[in-house]
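Worksheet for the structure shown next.
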Amino acid sequence: MTSGGDCAGLNAVIAAIVRAGYPLGYEFIGFERGWEGLLSPPCYRELKLQDIRGISHLGGTILKTTNKGRFGAKDVDGVKRIPMEVLEDAKRNADALGLSGLIVIGGDGSLSGALQLCELGLPIVGVPKTIDNDLSGTDRTFGFSTAVQVVVDSLDRIHSTATSHDRVMFVETMGRHAGWIALRAGVAGGAHAILLPEFPFMVEDLVDFLRLRRKHTGSTVVMVAEGAKLHDNYVGRANLSGEVHLGGVTTQLMDEIEALSPGEFEMRVTVLGHIQRGGTPNAPDRTLAKAYGVHAIHAFDKGHYGHMVRYNCGQMDIVPISEACGSMKIVTTDALDYQTAIELGVFIHRPTTVVVADED
């Protein structure tokens, strides 16, 4: 099953699992719409070789997915867990279908739920999935490279308008708690300032930086992760269930800049949103996704239940799901991309030297 948000490369994982698993003697079904497909009434489809032919280059997932539904974790005595009645329903359906086990392709929440179901006796192997590249158990996740490339392609176009009009152009990317997309794409695409969830900044310092940029080069491109904080607070809105959807930090930031420097800057914003998730996976993500799929079915065949396949130091191996979901991989000052940005004069969270000969 594919669970949580969609991303480029999911279909390549599905195809690789089935293609590598058939010679091992396995037959496959795919549960539709994530965990909802395993809960009553079950919703699934058979996956034969002809069903996965020609899907690896397609974005999204042929099995569909959801990040909502009955399998969501609830607060139980201060601990987030899937309700036992929901887990038992999933286990009953798995037993009734005669499953040998399950391969779950998902992020931190999906894999945490998978571990709880595994503890009830259903053999499970996990495949990490997130465009944010923030799972601590693996060096890289598929979908990240494609998302970064989408942002870089957008930056190449944004620079043209910024330079032509001497504007300050803001580009808002995904990244709730980890700013890897904004940082990697910002460095690759020549952003002059990169604002990340991990590093608080002073709006006054950013204004000073924009003034220096205007004096020396005219235009500025500012990359903003959606989880970047203003005055140590996230910017977003809560829905009826109390869940906070991040977004709008850039608009609020522009308002504060205008208040501090009335009429000094002509500012525009582009919010890239879900185009970072969608579309065909690029070559690095296709090859990585296929490697995840092949090693996932082999891990299952070897009985490594309760484990997640991971990409580690250029090779694929496994790690217990409990370790992989224990913490989030965030940007730190020793990250190569961070150090590169600082050396190039990019503003992240403190004033820096403006590079006058701006090749970007």
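The values are calculated or read from the model by the stated rules, or taken from the named source; none is laboratory data. Bear in mind that the values here come from a model prediction, so they are computed numbers and not experimental data. Methodologically, a virtual Cβ is constructed for each residue, glycine included, from the backbone with ideal geometry; neighbour enumeration extends over all protein chains shown. Note: areas computed on protein heavy atoms with side chains; ligands, DNA, RNA excluded. Shrake-Rupley method; radii C 1.70, N 1.55, O 1.52, S 1.80 Å.
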Task: Of all residues making up region 168-189, the number that are surrounded by fewer than 19 Cβ atoms within 10 Å (Cβ to Cβ) and more than 20 Å from GLY248 (Cβ to Cβ) - done: 1
- [ ] Please go through region 273-297 and pick out each residue that is modelled with pLDDT of 95 or more and in contact with a helix residue (DSSP H, G or I) (Cβ under 7 Å, 6 or more places away or on another chain).
- [x] PRO281, ASN282, PRO284, ASP285, ARG286, ALA289, LYS290, TYR292, GLY293, VAL294, ALA296, ILE297
TODO: Can you confirm whether region 124-132 contains a residue that is modelled with pLDDT of 95 or more, surrounded by fewer than 23 Cβ atoms within 10 Å (Cβ to Cβ) and not in a helix (DSSP H, G or I)?
DONE: no
TODO: Exactly one condition in (1) in contact with a Gly (Cβ under 7 Å, 6 or more places away or on another chain); (2) within 26 Å of GLU226 (Cβ to Cβ); (3) open to solvent by less than 10 Å² (accessible area, probe 1.4 Å); (4) part of a helix (DSSP H, G or I) is not met by GLY113; state its number.
DONE: (1)
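Return the residues of region 133-153 that are open to solvent by 30 Å² or more (accessible area, probe 1.4 Å) and either free of Cβ contacts under 8 Å to residues at least 12 places away in the same chain or within 24 Å of GLN315 (Cα to Cα) (or both); say none if nothing qualifies.
Keep residues of region 133-153 that are open to solvent by 30 Å² or more (accessible area, probe 1.4 Å), which gives 136, 139-140, 145, 149-150, 153.
SER136, ASP139, ARG140, SER145, GLN149, ASP153 - these are the residues of region 133-153 that are open to solvent by 30 Å² or more (accessible area, probe 1.4 Å) and either free of Cβ contacts under 8 Å to residues at least 12 places away in the same chain or within 24 Å of GLN315 (Cα to Cα) (or both).
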Task: Selected residue (only one of LEU260, LEU253 is farther than 28 Å from THR141 by Cβ and buried (at least 19 other Cβ atoms within 10 Å of the Cβ)) - done: LEU253
Task: Residue count, region 5-15 (criterion: open to solvent by less than 10 Å² (accessible area, probe 1.4 Å), touching a Lys or Arg at 6+ places or on another chain (Cβ under 9 Å) and not aliphatic (A, V, I, L, M)) - done: 2
Task: Residues of region 207-235 that turn out to be in contact with a Leu (Cβ under 8 Å, 6 or more places away or on another chain) and either at pLDDT 95 or above or closer than 13 Å to HIS177 by Cα (or both), as a count - done: 12
- [ ] Just one of (1) part of a loop (DSSP other than H, G, I, E, B); (2) surrounded by fewer than 17 Cβ atoms within 10 Å (Cβ to Cβ); (3) touching a helix residue (DSSP H, G or I) at 6+ places or on another chain (Cβ under 7 Å) trips up SER100, so point out which.
- [x] (3)
Task: Selection count where residues are modelled with pLDDT of 95 or more and either of a type in the set (Val, Ile, Thr) or assigned to a helix (DSSP H, G or I) (or both), scope region 6-34 - done: 16
Task: Selection within region 27-65 - in contact (Cβ under 8 Å) with a residue 60 or more places away in the chain and more than 24 Å from SER100 (Cα to Cα) - done: SER56, HIS57, LEU58, GLY59, GLY60
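Is at least one residue of region 192-204 in the same structural domain as THR250 (by the TED database), of a type in the set (Gly, Ala, Ser) and assigned to a loop (DSSP other than H, G, I, E, B)? Spell out the reasoning first.
Looking only at region 192-204, we keep the residues that are in the same structural domain as THR250 (by the TED database), and these are 192-204.
Narrowing the set further to residues that are of a type in the set (Gly, Ala, Ser) leaves 193.
Those still in the list that are assigned to a loop (DSSP other than H, G, I, E, B) too: none.
Within region 192-204, none of the residues are in the same structural domain as THR250 (by the TED database), of a type in the set (Gly, Ala, Ser) and assigned to a loop (DSSP other than H, G, I, E, B).
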